[in-house]
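Q: Let me begin by handing over the structure; questions about it come next.
The values are calculated or read from the model by the stated rules, or taken from the named source; none is laboratory data. As the structure is a computational prediction, the values presented were derived from the model and not from experiment. Here the Cβ positions follow ideal geometry from the backbone for every residue, glycine too, while neighbour counts run over all protein chains shown. Only protein heavy atoms, including side chains, enter the accessible area calculation; ligands, DNA and RNA are left aside. Shrake-Rupley method; radii C 1.70, N 1.55, O 1.52, S 1.80 Å.
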Amino acid sequence: MMFPEYRPRRLRRNEPLRALIRETSLSPAQLICPLFIMPGKNKREEVGSMPGVFRMSVDQLTREAQECLKLGINHVILFGLPEKKDPVGSGAHAKDGIIQRAIKELKNKAPQLMVTTDVCLCEYTSHGHCGVILNRQVDNDATLEILAQTALSHAVAGADMVAPSDMMDGRVGAIRAILDENNFEMVPIMSYAVKYASAFYGPFRDAADCAPQEGDRKAYQMDPANMREALREATLDVDEGADILMVKPAMPYLDVIRLLRDEFDLPIAAYQVSGEYAMIKAAAERGWLDGERVMAESLISIRRAGADMILTYFAKEYAKVYGKIG
Ligand code: PBG
């Protein structure tokens, strides 16, 4: 194939031709919309560093669910801001905890909406770490039982899927075991298998009020410099019973998404995190870039890298313009 006989531009001449040869697509059915649930009544607060993203009280969820479903978004993932925090994160598995109440509300009022829950302790611990602290360290094995209880309490409340994001070793196995023992063998685990210690989580920690009071998360989340280690993390989670493997963040780690896509046959999820969202929003607000097109381009790049599904704060906005942007 040589110029001038071959001219790639022939197939780029107009939109119908471009649409015909488009290799990647993203439908709203492949998106999962994160929701932040807060205490109180009639509350809807915009997150300062995430324009267009709201923390809301449980009574607001019916409206939110209906809006998602109308737009073709069938999946949400829930994050909770509890009334009280304590050193062992008891609020995470409380029978009438914020997330447990939110799940029940959603499953009552909008049963078609699939509800996944984030399983972690950082929003519930007074120190803001993702596990319990013993001898000044986040203790892996002591945390496993609490995480398993948390996942179970979500399943009991009606969650369709659980997503552990804590990065303790062995948590997928612990959660699979407790779910199976309690007849929740059909509840899938979407594992945050490859979660990096990333500064891109900054705005989320505002939104969910879960920044560590002391230190950082580098002793449990992965080093951004590592790729082979991603294979080991993912292999462990597959062996422990994960149903879906997640890479997080997304855009700075497209190579890792591609690696997992090539090495594993499980579905791959990617989390376009708060900082990725905030950067695009901030630049668009200043008129420095076209927010809508950059949103679409960022999402398609994540799909092209190999993600089957994307967790993104753009879910509703993307669904609104779906079909209108090339
Ligand atoms: C932990 C958790 C975090 C995110 C999802 N789950 C924060 C963290 O690990 O510090 C980040 C999501 C985002 O930045 O959008 N429960």
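Q: Here is a list: Q100, Q149. Which entry is surrounded by 20 or more Cβ atoms within 10 Å (Cβ to Cβ) and either within 19 Å of D237 (Cβ to Cβ) or among the polar types (S, T, N, Q) (or both)?
A: Q100
Q: Related question: Does S57 fit the bill of being within 16 Å of the ligand (Cβ to nearest atom) and over 21 Å from M309 (Cα atoms)?
A: On the way: within 16 Å of the ligand (Cβ to nearest atom): no; over 21 Å from M309 (Cα atoms): yes.
No, not satisfied.
Q: Every residue in segment 205-241 that is assigned to a helix (DSSP H, G or I) and at pLDDT below 95, please. Show your work before the answer.
A: Of segment 205-241, the ones assigned to a helix (DSSP H, G or I) are 205-207, 228-240.
Hits for segment 205-241 are R205, D206, A207.
Q: Check every one of the helices (runs of 4 or more DSSP H) wholly within segment 88-192 and list those with 3 or more residues that are closer than 19 Å to H75 by Cα and out of contact with any His (no Cβ under 6 Å at 6 or more places or on another chain).
A: Once the helices (runs of 4 or more DSSP H) in segment 88-192 are filtered for at least 3 residues that are closer than 19 Å to H75 by Cα and out of contact with any His (no Cβ under 6 Å at 6 or more places or on another chain), what remains is 98-109, 140-157.
Q: Looking at segment 119-145, which of its residues are open to solvent by less than 30 Å² (accessible area, probe 1.4 Å) and either in contact (Cβ under 8 Å) with a residue 60 or more places away in the chain or β-branched (V, I, T) (or both)?
A: Within segment 119-145, V119, C122, E123, T125, G128, H129, C130, G131, V132, T143 qualify.
Q: While we're on this one: Right, H93: within 15 Å of the ligand (Cβ to nearest atom), closer than 18 Å to A157 by Cα, open to solvent by 20 Å² or more (accessible area, probe 1.4 Å) and not polar (S, T, N, Q) or not? Full working, then the answer.
A: On the way: within 15 Å of the ligand (Cβ to nearest atom): yes; closer than 18 Å to A157 by Cα: yes; open to solvent by 20 Å² or more (accessible area, probe 1.4 Å): yes; not polar (S, T, N, Q): yes.
Yes, satisfied.
Q: For segment 153-173, how many residues meet the condition of being away from the ligand (no atom under 16 Å from the Cβ) and touching a strand residue (DSSP E or B) at 6+ places or on another chain (Cβ under 9 Å)?
A: Final tally of qualifying residues: 4.
Q: Six or more apart or on different chains, Cβ under 6 Å: which pairs go from a residue in segment 256-276 that's within 12 Å of the ligand (Cβ to nearest atom) and of a type in the set (S, T, N, Q) to one that's open to solvent by 10 Å² or more (accessible area, probe 1.4 Å) and assigned to a helix (DSSP H, G or I)? Could you list them?
A: What qualifies is S274/P203; S274/F204.
Q: Mind checking which residues of segment 189-212 are of a type in the set (F, W, Y), without any contact (Cβ under 8 Å) to a residue 60 or more places away in the chain and either open to solvent by 10 Å² or more (accessible area, probe 1.4 Å) or more than 10 Å from the ligand (Cβ to nearest atom) (or both)?
A: Residues satisfying the conditions do not exist here.
Q: From the list G52, G40, G72, G80, which one is touching a residue at least 24 places away in the same chain (Cβ under 8 Å), open to solvent by less than 70 Å² (accessible area, probe 1.4 Å) and under 29 Å from S153 (Cβ atoms)?
A: G80
Q: Mind listing just one residue for me: the one in segment 213-232 that is away from the ligand (no atom under 12 Å from the Cβ) and among the aliphatic types (A, V, I, L, M) and, of those, most open to solvent (accessible area, probe 1.4 Å)?
A: Once the filter is applied, the top-ranked residue is A219.
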